[in-house]
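Taking it in order: structure first as structure tokens, then the write-up.
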Amino acid sequence: MKNILIVGAGFSGAVIARELAEQGHRLTVIDQREHVAGNCHSARDAETDVMVHVYGPHIFHTDHERVWEYINRHGEMIPFVNRVKAVSKGRVYSLPINLHTINQFFGKTLAPDEARAFLESQADLSIESPQTFEEQALRFVGKSLYEAFFEGYTRKQWGVSPSELPASILKRLPVRFNYDDNYYSHRYQGMPRDGYTRIVESILDHPGIEVRLQTRYEPAMRQAADHVFWTGPLDAWFGFDLGRLGYRTLDFETVRCDGDLQGTAVINYCDSDVPYTRISEHKYFSPWEKHEKSIAYREYSRLCGEDDIPYYPIRLVKDKALLQQYVDRAREEKGVTFVGRLATYRYLDMDVTIKEALDVSDAVKPALEAGARLDPFYVNPLG
């Protein structure tokens, strides 16, 4: 039996803690916040009784059957389809771009093959190998759709020109030549009936796990642990002594009203002259509930400061260079394993976070049994 310290009570830390506790190890999980579940934390709003995604919308979607079965063991998942709308130049459209979006935007009634050919005629075919976000959009959807839905929104979200961002960001946004407006294409999609925090609390509910909230990590804690799993920012482990990795953070402006505010869960605001990126109306994330009042967030993106919550890793050239230095140092560390989105400096959806935590657990269980040294990384942060 090992005494293991896990820093961070989000999905990464909770899943690893539960897996190792079931193997007979003693786990201590600490988190500096007053709640578990990290940025997935959800709670009832006292004024409206709506279940609020406190740190912004989280919709669960996955193709990983093991992950879907795992999360359903710890909470009831209700089917949910995320149907995002977008406002551009005073008109409302469906996202991702689909046949309805194309026909509405261009004032046409194209069939699927006609729409495919039409969009090809709009595309900049001179861009053979897109390297930037802007080139990727111009190559595959053309200038008009790029300017309407991507250019302004992207500038607000990332704080830089789309010409400075890698093409890989846009590869996650599909174009559909049918009327499917489901934002995701994964087999399993849902929302937890009682919120994500209840699920993480269930995962952590084991006699071999002690949870300490409002507790900051101190280096001296390593002495009482046989091993540490670190889910905080990679650069924070080293006291930011080489500098800080770049993140975007979010500010939320709360709006409450009687009845409905916007009639759907999420509306993106694509125009540059609108300062917020989107509005999320939280009662629409729980459509099985009925509420007379509503609460919504206007979401603003900006560069993350020292005291802000890091959301999206920027991963531009200078950040990747700094990341390389921290990864090189981390690989020389003993007695610590870096896991999760912050510790590997990657954007991860919830299902990928859970899958990687399960994979890490699978890898370390036999190593712990054998008394072998655990690796600093089980996922390559530079990949």
- request: Only residues of region 173-196 count here: report those whose backbone N is under 18 Å from the spot 7 Å along Cα→Cβ of Phe106, or say none.
  value: 174-180
query: Where a Cα-Cα gap under 24 Å defines reach, which lysines qualify for Lys89, not counting those fewer than 8 residues away within the same chain?
result: Lys108, Lys143, Lys156
- request: For region 107-124, just list the computed ³J(HN,Hα) in residue order, Karplus coefficients 6.51, -1.76 and 1.60, θ = phi - 60°, integers in Hz, with x standing in for Gly and Pro.
  value: x, 10, 10, 7, 7, x, 5, 5, 5, 4, 5, 5, 5, 4, 5, 7, 6, 8
- line: In this structure, the FRET efficiency calculated for Asn178 and Thr249 from their beta-carbon separation, with R0 = 30 Å, to the nearest 0.05, is 0.25
- prompt: Each residue of region 192-197 in turn: what ³J(HN,Hα) in whole Hz from Karplus with 6.51, -1.76, 1.60 and θ = phi - 60°, glycine and Pro shown as x?
  reply: x, 4, 10, x, 6, 4
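So if I take the alpha carbon set of region 173-242, get Rg, then get Rh from the Kirkwood formula, what is the Rg over Rh ratio? Let's see the in-between values first.
Working: Rg = 20.0 Å, Rh = 17.2 Å.
Rg/Rh: 1.17.
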field: Footprinting exposure proxy for Tyr188, Tyr345 (fewest neighbouring C-beta atoms within 10 Å first)
entry: Tyr188, Tyr345
- line: Computed on Cα atoms, the radius of gyration and Dmax of region 97-172 in angstrom are 12.7, 37
message: Could you derive backbone 3J(HN,Hα) for region 265-282 from the dihedral phi with the Karplus parameters 6.51, -1.76 and 1.60 (θ = phi - 60°), listing whole Hz in sequence and x where the residue is Gly or Pro?
response: 6, 9, 10, 7, 10, 8, 7, 5, 7, 9, x, 8, 8, 7, 10, 10, 9, 6
- request: Run through all the Cα pairs of the chain and give the fraction in each 20 Å bin from 0, expressed as whole percent.
  value: 26, 56, 18, 0
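Note the per residue figure in Å³ for the convex hull of the C-alpha positions in region 8-125.
On the way: hull volume 26.9 nm³, N = 118.
It comes to 228 Å³ per residue, whole-number rounded.
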- prompt: Where Lys and Arg each count +1 and Asp and Glu each count -1, what net charge lies around Arg222 among other residues with Cβ under 13 Å from its Cβ?
  reply: -2
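By how many nm would the segment from Gln32 to Tyr300 lengthen if fully extended, with 0.36 nm per residue of separation less the alpha-carbon distance? Walk me through the numbers on the way to the answer.
Working: separation 268, 0.36 × 268 = 96.48 nm, distance 2.43 nm.
Here the answer is 94.1 nm.
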- prompt: Roughly how many nanometres apart are two label points built 7 Å out from the Cα toward the Cβ at Ala46 and Lys320?
  reply: 4.8
- prompt: Setting aside same-chain residues fewer than 8 positions from Lys334, which lysines have a Cα under 23 Å from its Cα?
  reply: Lys2, Lys365
query: Given H placed on each backbone N at 1.01 Å, which residues far from Tyr184 in sequence or on other chains put an amide H within less than 5 Å of it?
result: Asn82
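No value in this document is a laboratory result; all are computed from the given coordinates. Since we're looking at a predicted model, the values are computed, not measured. Glycine also receives a Cβ, built like all others from the backbone with ideal geometry; neighbour counts cover every protein chain displayed.
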